[in-house]
Amino acid sequence: MIFTDCFALTSLTHCLFNPQCCVRNNYRENPFHNFRHGFCVAQTMYTVIWTCDLQDLLSPVDIVSLMVAALCHDLDHPGLSNVYQVNAGTELAARYLNKSPLENHHWAITSQILSHEEANIFMHCDQEEVQRILQAIMELILATDMTHHSNILRNIQQIQGFNASDMEHLTALMMGLIKLCDISNEARPAAHAEIWADALFQEYFLQSDREKAEGLPVTPYMDPDTVSKAQSQSSFISCLIVPLCQALGQVRVTDLHADWVTSVNAAPLLKPHSPTSSLSCLSPALSQSLRTGTLKER
Ligand SMILES: [Zn+2]
């Protein structure tokens with residue numbers, strides 16, 4: 001219904017696979033930040049929305065915004081984090097004054113694709129709806145910068161009695177959803193989660209090799225000489241994923257709370273967290289990186 005009303009499916013297909021305006025072709029073949037990741041985030045978004053009956057809370061415009069943002073949120077990711085961009089003084093960092101250079105770039109590429117006549121997937125929307133969708137997509141993609149994680153989590157936790165007509169509530173929910181979907185690989189079955197974790201570490205280690213070769217500060221949690229995959233994963237799950245699931249569960253995503261949180265791979269790690277103590281159980285390297293705003297975006 002939503003897609004037939006608001007999405008032109010033939011245009012979406014064209015947008016995905018046409019060489020001139022193709023979403024797929026605008027993802028690079030990085031070990032982790034590739035089209036498969038973008039597609040998985042979109043697939044997870046679809047699953048969460050429908051299994052949790054969020055269509056009761058979200059308008060078709062909201063859902064379309066979430067789906068497009070999920071699919072496009074890492075477009076043209078170079079496989080090198082914001083920290084690297086800033087430390088290396090890349091053209092991207094300079095273009096965006098060191099402020100979320102990757103996420104701003106992902107949005108810029110998304111905007112270019114959506115402005116292509118052949119990618120006009122909003123042909124059934126009026127001009128006001130199009131502007132709302134584009135604004136929402138931009139904000140959602142920018143929200144995937146992990147340096148915003150704590151603020152977004154806090155905004156969700158502070159919601160008392162979710163009201164879909166309250167823009168602050170709605171924005172917090174939507175940002176929480178795209179963040180959850182972006183970091184949801186660890187909630188997949190262990191065999192699948194392991195593949196994604198290995199791909200992420202492969203990309204991390206390529207970056208740290210480059211940082212060492214170029215004499216740049218080595219991002220601690222990307223250094224194979226110091227990082228522990230098991231500790232990193234358990235910290236990531238217990239300190240970032242589980243609190244986000246719990247917060248969203250308190251808003252409305254009750255099925256997510258009941259099913260995902262208790263079945264997430266690290267269910268034994270489940271323990272109370274407060275907004276201010278959510279960093280306390282991170283490994284020192286991750287904790288330092290998050291506090292200093294240098295946590296790797298996903
Ligand atoms: Zn991502």
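Coordinate-derived values only; no laboratory data. As the structure is a prediction and not an experimental result, all values here were calculated from the model. Neighbour counts are summed over all protein chains in view; Cβ atoms, including those assigned to glycine, are modelled from backbone coordinates with ideal geometry.
Sort Ile178, Ile141 so that the residue with the fewest other Cβ atoms within 10 Å of its own Cβ comes first and the one with the most comes last.
Ile178, Ile141
On a C-alpha basis, how far is the centre of region 169-243 from the centre of region 61-118 in Å? Whole number, if you could?
Answer, in whole Å: 18.
For an R0 of 45 angstrom, estimate the FRET efficiency from the Cβ-Cβ distance between His124 and Glu194 and round to the nearest 0.05.
Step by step, r from the Cβ atoms, then E = 0.65.
How long are the semi-axes of the ellipsoid equivalent to region 15-104, from square roots of 5 times the Cα gyration tensor eigenvalues, in whole Å, largest first?
28, 16, 12
At 4 °C and a viscosity of 1.567 mPa s, what translational diffusion coefficient does Stokes-Einstein give for region 93-212, taking Rh as the Kirkwood radius over Cα pairs? Give it in µm²/s as a whole number.
Stokes-Einstein gives a translational diffusion coefficient of 76 µm²/s.
Please turn the phi angles of region 136-142 into ³J(HN,Hα) values with the Karplus equation 6.51 cos²θ - 1.76 cosθ + 1.60 (θ = phi - 60°), one per residue in order, whole Hz, x for glycine and proline.
Values, residue by residue: 5, 4, 4, 5, 5, 5, 5 Hz.
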